[in-house]
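**Student:** This is the structure I want to talk about, given as structure tokens.
The values are calculated or read from the model by the stated rules, or taken from the named source; none is laboratory data. No experiment lies behind these values; they were computed from the predicted model shown. Every residue, glycine among them, receives a Cβ derived from its backbone with ideal geometry; neighbour counts consider all protein chains shown. These accessible areas exclude ligands, DNA and RNA; they are computed on the full protein's heavy atoms, side chains included. Shrake-Rupley method; radii C 1.70, N 1.55, O 1.52, S 1.80 Å.
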Amino acid sequence: QICFLLFAVLYIVSYFIITRYKRKADEQEDEDAIVNRISLFLSTFTLAVSAGAVLLLPFSIISNEILLSFPQNYYIQWLNGSLIHGLWNLASLFSNLCLFVLMPFAFFFLESEGFAGLKKGIRARILETLVMLILLALLILGIVWVASALIDNDAASMESLYDLWEFYLPYLYSCISLMGCLLLLLCTPVGLSRMFTVMGQLLVKPTILEDLDEQMYIITLEEEAIQRKLNGVSSTVEYQTVELERELEKVKSKKTNLERRKKASAWERNLVYPAVMILLLTETSISVLLVALNILYLLVDETAMPKGSGGPGIGNASLSTFGFVGAALEIILIFYLMVSSVVGFYSLRFFENFTPRKDDTTMTKIIGNCVSILVLSSALPVMSRTLGITRFDLLGDFGRFNWLGNFYIVLSYNLLFAIVTTLCLVRKFTSAVREELLKAIGLDKLNLSNNPRDSETKPSANGHQKTL
């Protein structure tokens with residue numbers, strides 16, 4: 001009952017999130033509408049499982065501290081080790097189900113039209129989807145057989161592939177989790193450095209040596225000039241109209257930001273922004289410091305490995321050196337890493353067009369986003385344990401990954417995370433100084449800077465470049 005209630009809350013929240021981004025034009029009452037609705041329900045289920053996988057580790061950590069603080073309390077008797085073990089097993093089972101069955105079914109069902117010669121309808125589309133799923137399963141099975149023959153050409157390993165439930169699916173999910181951890185290794189450092197820019201866009205920056213009234217006057221004149229050009233351009237010149245409309249939208253966006261900064265109170269400008277920036281810098285520094293300490297532990301202590309020990313169990317000992325305060329810090333860092341990984345994922349150039357837009361996201365893109373978030377969220381507990389953010393030993397199928405016992409993989413993962421995160425932060429905080437140095441020595445004209453604003457130039461009538 002407790003698991004059902006928790007999942008029902010996550011499902012409702014996920015449904016509202018997806019419907020906020022789903023394209024409204026897909027809501028016709030026909031066969032495609034039924035297919036879209038089924039795909040919507042499957043995507044909502046997958047997003048709810050992803051949220052459960054993210055909340056699983058913090059819930060387990062806080063539950064362990066509560067059981068230690070109130071061991072005989074009547075009102076928390078429902079919170080026990082069997083419940084937490086069951087949640088981990090259910091999260092692993094549903095992650096496998098969504099990743100290998102539900103999401104491929106939703107995608108193929110959305111793209112299916114029915115085999116030629118059969119009567120069109122929902123049954124024909126379901127038949128085509130099932131055939132595609134069987135072919136996909138055979139393809140994945142063949143790839144795993146070939147990989148097993150190349151890596152470990154042993155009779156025992158080949159026979160173990162016959163055990164579909166106990167070996168094949170956990171082994172396949174272990175490979176997917178390793179790919180998710182590698183994706184997190186790529187996204188999280190980028191997201192940690194990108195978080196400062198994102199929060200800077202959401203918050204109001206302090207007005208130091210700035211005249212907002214003058215900027216408002218200039219931006220208003222620019223808006224009026226573009227509006228006059230737009231009114232004077234003939235409708236037959238379509239490309240000029242589109243270009244002027246884009247410039248007008250940018251100017252209106254800048255004007256809105258200036259109006260917001262002007263209306264903000266002095267406390268919001270001068271206190272909230274520096275406090276949030278200091279908080280982000282502190283959390284990032286603590287994360288890098290914990291990874292550096294974990295590297296030292298890995299070199300001197302075998303039990304620091306993610307698969308080093310079975311752990312004392314739920315409610316028997318604190319997982320943190322500093323007790324409840326340390327557990328709260330671990331939970332904050334886990335959520336911070338997850339948010340940073342999502343921000344970094346959508347900041348990568350390869351996934352820029354993958355970003356969902358409000359009321360304008362197709363079901364195919366929603367399915368792709370749900371799969372991506374599921375892979376990231378399923379790998380988050382593994383990454384947190386591998387990096388030493390928490391000492392909580394993984395339970396259920398999350399702890400059956402063979403690569404977690406490989407010392408060289410775990411050590412290399414920690415080293416790469418620390419190095420890449422440090423480089424991203426150094427590049428983030430030194431980019432402004434580097435640009436000023438290039439301008440001072442006259443090398444800014446060579447376009448050595450990676451700042452996209454430096455490349456926004458427009459040719460004038462006499463052929464010279466004018467910087468916007």
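**Student:** On the accessible surface of region 1-108, probed at 1.4 Å, how many percent belong to carbon and sulfur atoms? Each step should come with its number before you reach the end.
**Tutor:** Working: 3860 of 5550 Å².
Whole-percent figure for carbon plus sulfur exposure: 70.
**Student:** Work out from phi, with θ = phi - 60° and the Karplus expression 6.51 cos²θ - 1.76 cosθ + 1.60, the ³J(HN,Hα) of each residue of region 323-336, listed in order in whole Hz, and give x for Gly and Pro.
**Tutor:** x, 5, 5, x, 5, 4, 5, 4, 5, 4, 5, 5, 5, 5
**Student:** One quarter of the convex hull surface, Cα atoms only: what value does that give for region 1-109 in nm²? Walk me through the numbers on the way to the answer.
**Tutor:** Values: hull surface 32.1 nm².
That works out to 8.0 nm², a quarter of the Cα hull's surface.
**Student:** At a 10 angstrom cut-off on C-beta neighbours, averaged per residue, how do the peptides 380-391, 36-47, 284-295, 348-359 rank from highest to lowest? Write out the running numbers ahead of the final one.
**Tutor:** Working: 380-391: 23.8, 36-47: 20.9, 284-295: 17.2, 348-359: 11.2.
In decreasing order of mean packing, 380-391, 36-47, 284-295, 348-359 become 380-391, 36-47, 284-295, 348-359.
**Student:** Past 28 Å, Cα to Cα, is the threshold; run Lys229/Lys263; Lys22/Lys428; Lys22/Lys263; Lys250/Lys358; Lys22/Lys229 against it and keep the listed order. It would help to have the intermediate numbers written out before the result.
**Tutor:** Numbers: Lys229/Lys263 30 Å; Lys22/Lys428 34 Å; Lys22/Lys263 33 Å; Lys250/Lys358 18 Å; Lys22/Lys229 35 Å.
In this structure, Lys229/Lys263; Lys22/Lys428; Lys22/Lys263; Lys22/Lys229 lie more than 28 Å apart at Cα.
**Student:** Next question. Please give the net charge around Ile332, taking every other residue with its beta carbon less than 15 angstrom from that of Ile332, where Lys and Arg add +1 and Asp and Glu add -1.
**Tutor:** -3
**Student:** Quickly rank 94-101, 186-193, 118-125 as a protection proxy: mean count of other C-beta atoms within 10 Å, highest first.
**Tutor:** My ranking of the peptides, most packed first, is 186-193, 94-101, 118-125.
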